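J.: This is the structure, below, for whatever I ask next.
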Amino acid sequence: MPKRFYLTTPIYYVNSVPHIGTTLTTVVADITARYRRLRGEEVWFLTGTDENGTKVKEAAEKQGKTPREFVDQISQAFVDVFGKMNVSYDDFIRTVEPRHTRAVQRLFEILRERGHIYPGVYEGWYDVASETFFKETDLVDGKSPDGNEVQWVSEENWFFRLSAFERPLLEHIEANPGFLLPASRRNEVVSFIKQGLRDMCITRANPGWGIPVPGDDSKVIYVWFDALINYLAATGWPDDPTWDEKWPADVHWMAKEIFTRFHATLWPAMLMGAGLPLPKTVIAHGWFTFGDAKMSKSKGNVIAPLELADEIAAKTGCGPKQAVDAVRYSLAVLLPYEGDTNYTRDEVDKRYNADLANDLGNALNRSLAMAHKFVDGAVPDAPPEAEAVAAVETAKAEVEAAMTELKIDRATEAAMGVARFLNKYIDTRAPWALAKAESPELPGVIRSMLLCLRAAEALVRPVMPWSADAIADQIGLPPLTDWNAIGKPESIPAGTKLGRAEPLFPRIDPKKAAEAASKLPGEPASKPPKPENPDRSAEKSKPEAPVEPIDIADFMRVQLRVGRVLEAEPIDGSDKLLKLQVMVGDEKRQIVAGIRQSYQPIDLIGRQVVVVANLKPAKLRGVESQGMLLAADNVDGSAILLQPDFEAPEGARVH
Ligand code: MSP
């Protein structure tokens, strides 16, 4: 078996159930894994839980559980949440498993045999919260640099000769620019090593929980030394002869706080000491903060990913799988690659409406609706236009470039670029006008639209696998999982019978959003939407005013013209208004119409309407309206739009 592309996440402490932060790294690694599979590579993706810490025993006791009962339960919560978040891991390692203990003890022995581990007396401060040793001079006001309580420790222990690896580490980092990413963090590591590495105490007195030192049961191995070895243990090392089909890891993903000291220094030094190959890339992203603090259970500001998905489903009406994909999307696109990001529900909602409902959702709806309307719902047998093919190629190249540097946020934006291009392409190529003119270009334009839609399906697949499947289903084809086929005409074969467009990501309903917000602790409920004009039902209930006769000249002052709806979307905070882009002759007008309760935006696109074209512009809900649509009142107060009896010339006057 050839070497697989092996990638890992940190193994998570079992002191809290998964939250949006721990889910972030796992989803980001999942996107990396899915992208690699899409590129045709054999991937091995590992995640898991870190269960041997000193804290575990205390936490279990507090809950009246045995340590094993305690860790089983929380580790299972990680398995459950990652499963529901559609994380495609191949292996989940727990540090309480015998395969892990075996690897840790063996690596310890090898390093001791090679003289890199020696006995000594340790005296210093220990921070139980971060499982880290500190010197007196490291402390800030008697606490760890992170502000945690520290305990004084004085014990006979085993030490790892980290100091011996200063030079080899610096040489390796310099010779392999892709080893530590991003470059800004690599520089931090270089300065850290250059300040001098001290030998490290790697054992603690055995508290009855942890991995015993081989041949010395009175001690357990320091949890960080133990935890890092999970990456090697999961390959089957040292007993399974096929371990090198996985090792070395191609990518270790994590956040910045465990990068410099542990993954970029201690871990490679341990491997060097044992004569084992080093991982290819170790990469750290920044933090999500929540209300400007690092999210953590102790600060009580934790967002649970599945609860967030439930909230999204409740306020949009999207399906549960799309809600999970929306959370995955938010993690990918908001990933703090270099700095930190404040992750808020508001930001998630904004990206949902702008990117998923407007860009991707509209591209899907418009393309399929128009293909049904103009070419009988079958993929036309005409070559796609060069402009569309080029746009897909550009997006592919951008995704590829971003993924090479593991810039998941940029890659996600680039993938969504196809949907954005598609919406613009539809506006400029105006299939409705081509259909009306019976232009021979129409089939090629529709094929191009479908080619882009198919490319969008494939390019967003690593981030939103379930929604990509749903898009493929609506197109009427099996999922497109061959990278090389993306953007090729054969990805969307002529004659394919297209499925029906169903809204995948309906926009956030302001009323439901207000309800959801009011249920959140500490978050002010949004104000209920104000009644707004034009409110057709309110008008209807008013008594009819006596009508004064007018001259024909008065009537002729009102300029009525035929327009065609190009785009339609709801207006945030209003359950009545739609914002339309309407072509009136050669002029594009933005018109706000109070018809949301009578028409779905998708049903309006491409249709002719009658516009009052010389109305003074007005603002409704802060959105400028440059005209008005004519509509009749239905008995229930809803609107019936007026439409020419048959296709009228674009911009025709109405008398
Ligand atoms: N058990 C160690 C890791 C051992 S790996 C050999 C540990 N566990 S942890 O549960 O604290 O997980 C830390 C990791 O969770 C971070 O490095 C990051 O990947 C992820 N994150 C946890 N909270 C996060 C944020 N608020 N923001 C970004 N990443 C987050 O450290």
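The values are calculated or read from the model by the stated rules, or taken from the named source; none is laboratory data. From a predicted model like this one, the values you see are computed outputs, not experimental measurements. Positions of Cβ are backbone-derived with ideal geometry, glycine not excepted, and every protein chain shown enters the neighbour counts. Ligands, DNA and RNA are excluded from the accessible area calculation, which covers all protein heavy atoms including side chains. Shrake-Rupley method; radii C 1.70, N 1.55, O 1.52, S 1.80 Å.
J.: Could you grab me the full set of residues in the stretch 603-615 that are of a type in the set (A, V, I, L, M) and surrounded by fewer than 20 Cβ atoms within 10 Å (Cβ to Cβ)?
T.: Pass one, the stretch 603-615, residues of a type in the set (A, V, I, L, M): 604-605, 609-613, 615.
VAL612, LEU615 - these are the residues of the stretch 603-615 that are of a type in the set (A, V, I, L, M) and surrounded by fewer than 20 Cβ atoms within 10 Å (Cβ to Cβ).
J.: Starting from the stretch 471-496, keep only residues that are within 18 Å of GLN322 (Cα to Cα), then list their pairs with residues that are of a type in the set (Ser, Thr, Tyr) whose Cβ atoms are within a distance under 9 Å, requiring at least 6 positions of separation or different chains.
T.: ILE475/SER367; ILE475/THR496
J.: Kindly provide the set of residues from the stretch 268-285 that are within 14 Å of the ligand (Cβ to nearest atom) and either in a helix (DSSP H, G or I) or without any contact (Cβ under 8 Å) to a residue 12 or more places away in the chain (or both), ordered by number.
T.: Pass one, the stretch 268-285, residues within 14 Å of the ligand (Cβ to nearest atom): 268, 270-271, 279, 282-285.
Listed by number, the residues that qualify are PRO268, MET270, LEU271.
J.: I want to confirm something. Restricting to the stretch 279-293 and keeping residues that are surrounded by fewer than 16 Cβ atoms within 10 Å (Cβ to Cβ) and within 29 Å of LEU180 (Cβ to Cβ), which single residue is modelled with the lowest pLDDT?
T.: By that ranking, first place goes to ASP292.
J.: Just need a number here: residues in the stretch 220-245 that are on the phi < 0 side of the Ramachandran plot, of a type outside the set (A, V, I, L, M, F, W, C) and either surrounded by fewer than 23 Cβ atoms within 10 Å (Cβ to Cβ) or away from the ligand (no atom under 16 Å from the Cβ) (or both).
T.: Adding up the residues that qualify gives 7.
J.: Then there is this: Run down PRO98, PRO119 and say which single residue is open to solvent by 60 Å² or more (accessible area, probe 1.4 Å), over 30 Å from ALA309 (Cα atoms) and touching a strand residue (DSSP E or B) at 6+ places or on another chain (Cβ under 9 Å). Talk me through it step by step, then tell me what you get.
T.: Working: PRO98 fails: touching a strand residue (DSSP E or B) at 6+ places or on another chain (Cβ under 9 Å).
Exactly one residue qualifies, and that residue is PRO119.
J.: Would you confirm whether or not the stretch 378-389 contains a residue that is hydrophobic (A, V, I, L, M, F, W, C), over 23 Å from ALA472 (Cβ atoms) and surrounded by fewer than 23 Cβ atoms within 10 Å (Cβ to Cβ)?
T.: yes
J.: So in the stretch 1-60, with the set limited to residues that are away from the ligand (no atom under 15 Å from the Cβ), in contact with a Lys or Arg (Cβ under 6 Å, 6 or more places away or on another chain) and not aromatic (Phe, Trp, Tyr), which one is nearest to MET85 (Cα to Cα)?
T.: If we take residues in the stretch 1-60 being away from the ligand (no atom under 15 Å from the Cβ), in contact with a Lys or Arg (Cβ under 6 Å, 6 or more places away or on another chain) and not aromatic (Phe, Trp, Tyr), then VAL43 is nearest to MET85 (Cα to Cα).
J.: To continue, here is another question. Among the residues of the stretch 530-538, is there at least one that is at pLDDT 80 or above and surrounded by 12 or more Cβ atoms within 10 Å (Cβ to Cβ)?
T.: Within the stretch 530-538, not a single residue is at pLDDT 80 or above and surrounded by 12 or more Cβ atoms within 10 Å (Cβ to Cβ).
J.: Another question, then. Pick out the one residue from ALA323, ALA357 that is crowded, with 21+ Cβ neighbours inside 10 Å and touching a Lys or Arg at 6+ places or on another chain (Cβ under 9 Å).
T.: ALA357
J.: Hey, another quick one. So is ARG328 under 30 Å from LEU7 (Cα atoms), open to solvent by 40 Å² or more (accessible area, probe 1.4 Å), in contact with a helix residue (DSSP H, G or I) (Cβ under 8 Å, 6 or more places away or on another chain) and at pLDDT 95 or above or not?
T.: Against the criterion (under 30 Å from LEU7 (Cα atoms), open to solvent by 40 Å² or more (accessible area, probe 1.4 Å), in contact with a helix residue (DSSP H, G or I) (Cβ under 8 Å, 6 or more places away or on another chain) and at pLDDT 95 or above), ARG328 does not qualify.
J.: Now for a different question. May I ask you to list pairs of residues, at least six apart or on different chains, whose Cβ atoms are under 9 Å apart, with the first in the stretch 19-37 being over 18 Å from ALA304 (Cβ atoms) and at pLDDT below 95 and the second being near the ligand (Cβ under 9 Å from one of its atoms) and part of a helix (DSSP H, G or I)?
T.: Sorted first by the residue in the stretch 19-37, then by its partner, the list stays empty.
J.: Does the stretch 320-330 include one or more residues that are within 16 Å of the ligand (Cβ to nearest atom) and in contact with a Leu (Cβ under 6 Å, 6 or more places away or on another chain)?
T.: Scanning the stretch 320-330, I find at least one residue that is within 16 Å of the ligand (Cβ to nearest atom) and in contact with a Leu (Cβ under 6 Å, 6 or more places away or on another chain), so the answer is yes.
J.: Could you check, for the stretch 60-80, whether at least one of its residues is touching a residue at least 60 places away in the same chain (Cβ under 8 Å) and in a strand (DSSP E or B)?
T.: no
J.: May I pose another question? Only one residue in PHE92, PHE78, PHE45, PHE108 is over 25 Å from ILE202 (Cβ atoms), aromatic (Phe, Trp, Tyr) and either open to solvent by 50 Å² or more (accessible area, probe 1.4 Å) or touching a Pro at 6+ places or on another chain (Cβ under 7 Å) (or both). Which one?
T.: Residue meeting the stated conditions: PHE78.
J.: From (1) surrounded by fewer than 18 Cβ atoms within 10 Å (Cβ to Cβ); (2) away from the ligand (no atom under 16 Å from the Cβ); (3) more than 18 Å from the chain's Cα centre (by Cα), pick out the condition that doesn't hold for LYS84.
T.: Looking at each condition in turn, LYS84 falls short on (3).
J.: Sort out which residues of the stretch 610-644 are touching a residue at least 40 places away in the same chain (Cβ under 8 Å) and among the polar types (S, T, N, Q), and write them in order of number.
T.: ASN614, SER638 - these are the residues of the stretch 610-644 that are touching a residue at least 40 places away in the same chain (Cβ under 8 Å) and among the polar types (S, T, N, Q).
J.: Turning to a different aspect of this structure: Could you give me the residue pairs with C-beta distances under 6 Å whose first residue belongs to the stretch 249-267 and is part of a helix (DSSP H, G or I), whose second residue is among the hydrophobic types (A, V, I, L, M, F, W, C) and more than 8 Å from the ligand (Cβ to nearest atom) wherever it lies, and which are 6+ apart or on separate chains?
T.: THR260/VAL189; THR260/PHE192; HIS263/VAL282; ALA264/LEU180; ALA264/VAL189; ALA264/VAL282
J.: In this structure, does ASP127 turn out to be farther than 30 Å from LYS407 by Cα, touching a strand residue (DSSP E or B) at 6+ places or on another chain (Cβ under 8 Å) and within 16 Å of the ligand (Cβ to nearest atom)?
T.: In short, yes.
J.: If you go through the stretch 188-205 one residue at a time, do you hit one that is charged (D, E, K, R), touching a residue at least 24 places away in the same chain (Cβ under 8 Å) and under 20 Å from TYR337 (Cβ atoms)?
T.: yes
J.: Need the failing condition index for GLY53 against (1) small (Gly, Ala, Ser); (2) in contact with a Phe, Trp or Tyr (Cβ under 9 Å, 6 or more places away or on another chain); (3) open to solvent by 60 Å² or more (accessible area, probe 1.4 Å), just the number.
T.: The single condition GLY53 does not satisfy is (3).
J.: So if I check each of GLU544, GLU548, GLU647, which one is surrounded by 12 or more Cβ atoms within 10 Å (Cβ to Cβ), more than 39 Å from the chain's Cα centre (by Cα), over 21 Å from ALA354 (Cβ atoms) and at pLDDT below 90?
T.: Being surrounded by 12 or more Cβ atoms within 10 Å (Cβ to Cβ), more than 39 Å from the chain's Cα centre (by Cα), over 21 Å from ALA354 (Cβ atoms) and at pLDDT below 90 holds for just one of GLU544, GLU548, GLU647, which is GLU647.
J.: Here is a follow-up. Looking at the stretch 551-589 only, could you name the residues that are of a type in the set (A, V, I, L, M, F, W, C) and open to solvent by 70 Å² or more (accessible area, probe 1.4 Å)?
T.: From the stretch 551-589, those of a type in the set (A, V, I, L, M, F, W, C) are 552-553, 555-556, 558, 560, 562, 565-566, 568, 571, 577-578, 580, 582-584; that's our starting set.
Within the stretch 551-589, ILE552, PHE555, MET556 qualify.
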